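These notes concern the structure reproduced below.
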Amino acid sequence: MSRLQAEHLYKVFGRRPDDAVRKLEAGADRDELRAEGTTAAVIDASFTVEPGQIFVVMGLSGSGKSTLLRMLNGLLEPTAGRVLFDGDDITHLSPKKLREVRSKKISMVFQHFALFPHRSVVENAAYGLEVQGVAKEERLKRATEALELCGLKGWEKSWPDELSGGMQQRVGLARALATDADLLLMDESFSALDPLIRRDMQDQLLELQKTLKKTIVFITHDLNEAMRLGDQIAVMRDGRIVQTGTGEDILIRPANDYVRRFVEDVDRSRVLTAGSIMEKVAADAAFDEEDASSVSTETPVAELFAALAEGTTEIPVTDDDGDLVGVVAREKVLSALADEAQIEAQLEAGIEAAAVLGGMKDTVPAPRTTEKAVKSDA
Ligand SMILES: Nc1ncnc2c1ncn2[C@@H]1O[C@H](COP(=O)(O)OP(=O)(O)O)[C@@H](O)[C@H]1O
Ligand SMILES: [Mg+2]
């Protein structure tokens with residue numbers, strides 16, 4: 001069973017929302033409704049989130065992300081459609097049952113995490129448990145563990161204003177983790193942080209996720225963040241989900257021009273993996289297990305350049321058990337990147353691509369910086 005399922009969710013703000021839904025179902029768009037003074041914040045959103053997944057909702061400001069998230073935990077009632085959480089329709093729970101689900105099973109982490117200034121860090125992290133009525137000793141113990149998971153061991157007794165912004169955000173994450181909720185809803189949780197700290201937090205979340213295996217819906221307007229974190233990514237535009245897929249799906253097969261333009265700037269060589277661009281081989285294909293040039297299906301394309309520079313024409317790709325599952329041909333590598341600017345960036349990063357490009361003249365125009373790159377490598 002999926003952990004979370006959204007079925008044809010709509011949220012319309014303004015007068016006569018049901019009429020508006022009918023118009024939207026008949027094909028009206030946001031602008032037509034706006035002319036009538038209603039806002040279609042979310043239009044016909046459907047998706048499923050599996051246990052242990054990080055499901056990212058990505059879109060520009062105003063595209064409807066926060067409204068969607070608030071319907072997932074019952075803070076906002078959908079105008080139409082329903083939300084199933086572990087198979088229960090949370091849009092039809094009694095207020096009492098809904099409160100219970102919200103306090104025990106779902107945790108929210110917001111962009112600006114408001115800590116109580118006159119409570120210590122550990123008391124702040126224990127707040128969600130306090131709301132649940134967990135006894136003091138137990139909640140401080142669990143909050144202390146959660147703080148340690150979030151890299152804040154030793155800060156338990158400090159006051160919030162002694163912490164940097166990044167550390168305060170970690171307290172927010174610890175508060176969510178301390179409650180043992182299975183479902184974390186994170187609304188732009190890292191968006192207010194400096195880029196380096198933000199990356200740290202992303203790493204921390206991915207690291208935690210390896211052991212905790214929470215189900216996470218993560219909202220962001222940042223494509224690179226979406227690509228780093230998301231097992232599945234839903235791209236929202238003007239209230240509608242225009243594409244759902246893995247980061248690779250979205251890069252390789254954008255559903256429309258909007259998504260294509262959105263993903264133009266992403267560093268493909270870091271998102272695409274050997275597995276996504278390989279040619280599959282028959283299960284019993286011959287393979288020398290000692291072949292040192294082999295890579296795993298998860299190896300980023302960026303890391304294939306070195307092997308190609310040494311003259312390898314086909315890189316063997318192996319699965320977790322070390323069995324050959326495919327090969328990546330050298331032409332495939334650059335055509336997958338398919339963006340001269342990206343290739344230039346690779347060259348400037350000092351990767352010895354001269355040899356690769358030597359064999360690539362037929363398929364890809366030689367980037368302008370070849371000469372410079374070769375010189376700087378020398
Ligand atoms: N309570 C509300 N009343 C009226 N309009 C709202 C309300 N909440 C959000 N909206 C509108 O719905 C649209 C989507 O908002 P939101 O979900 O906050 O987008 P995002 O989180 O992607 O920035 C926006 O046009 C916003 O102005
Ligand atoms: Mg928002």
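The residue list Ser66, Ser61 contains one member that is closer than 17 Å to Asp238 by Cβ, at pLDDT below 95 and within 16 Å of ligand 2 (Cβ to nearest atom), which is Ser61. Which of the residues spanning region 307-322 are in a loop (DSSP other than H, G, I, E, B) and farther than 12 Å from Ala274 by Cα? Correct list: Glu310, Gly311, Thr312, Thr313, Asp320, Asp321, Gly322.
Here Asp88 meets each of (1) more than 16 Å from ligand 2 (Cβ to nearest atom); (2) surrounded by fewer than 16 Cβ atoms within 10 Å (Cβ to Cβ); (3) under 24 Å from Phe190 (Cβ atoms) with one exception, condition (3).
Could you go through region 94-107 and let me know if any residue there is crowded, with 22+ Cβ neighbours inside 10 Å, on the phi < 0 side of the Ramachandran plot and at pLDDT below 95.
Going through region 94-107, the residues crowded, with 22+ Cβ neighbours inside 10 Å turn out to be 106-107.
Among the residues that remain, those that are also on the phi < 0 side of the Ramachandran plot are: 106-107.
Now drop any that are not at pLDDT below 95, which leaves 106-107.
Yes.
Restricted to region 150-181, and to residues there that are surrounded by 24 or more Cβ atoms within 10 Å (Cβ to Cβ) and polar (S, T, N, Q), the residue that is farthest from Ile197 (Cα to Cα) is Thr179. Here Ala355 passes the criteria (1) hydrophobic (A, V, I, L, M, F, W, C); (2) within 22 Å of Asp231 (Cβ to Cβ); (3) at pLDDT below 85 except the one numbered (2).
Here Arg260 meets the list (1) surrounded by fewer than 22 Cβ atoms within 10 Å (Cβ to Cβ); (2) within 16 Å of ligand 1 (Cβ to nearest atom); (3) not in a strand (DSSP E or B) almost entirely, failing just condition (2).
Is it true that some residue in region 210-225 is farther than 28 Å from Pro117 by Cβ, within 16 Å of ligand 2 (Cβ to nearest atom) and of a type in the set (Asp, Glu)? Looking for residues that are farther than 28 Å from Pro117 by Cβ, within 16 Å of ligand 2 (Cβ to nearest atom) and of a type in the set (Asp, Glu), one finds at least one in region 210-225, hence yes. Restricting attention to region 96-113, does a residue exist that is under 20 Å from Asp187 (Cβ atoms), within 16 Å of ligand 2 (Cβ to nearest atom) and in a helix (DSSP H, G or I)? Scanning region 96-113, I find no residue that is under 20 Å from Asp187 (Cβ atoms), within 16 Å of ligand 2 (Cβ to nearest atom) and in a helix (DSSP H, G or I), so the answer is no.
The values are calculated or read from the model by the stated rules, or taken from the named source; none is laboratory data. Quick caveat: nothing in here was measured; it's all calculated off a predicted structure. Reconstructed Cβ throughout: ideal geometry from the backbone, glycine too, with neighbour counts over all protein chains shown.
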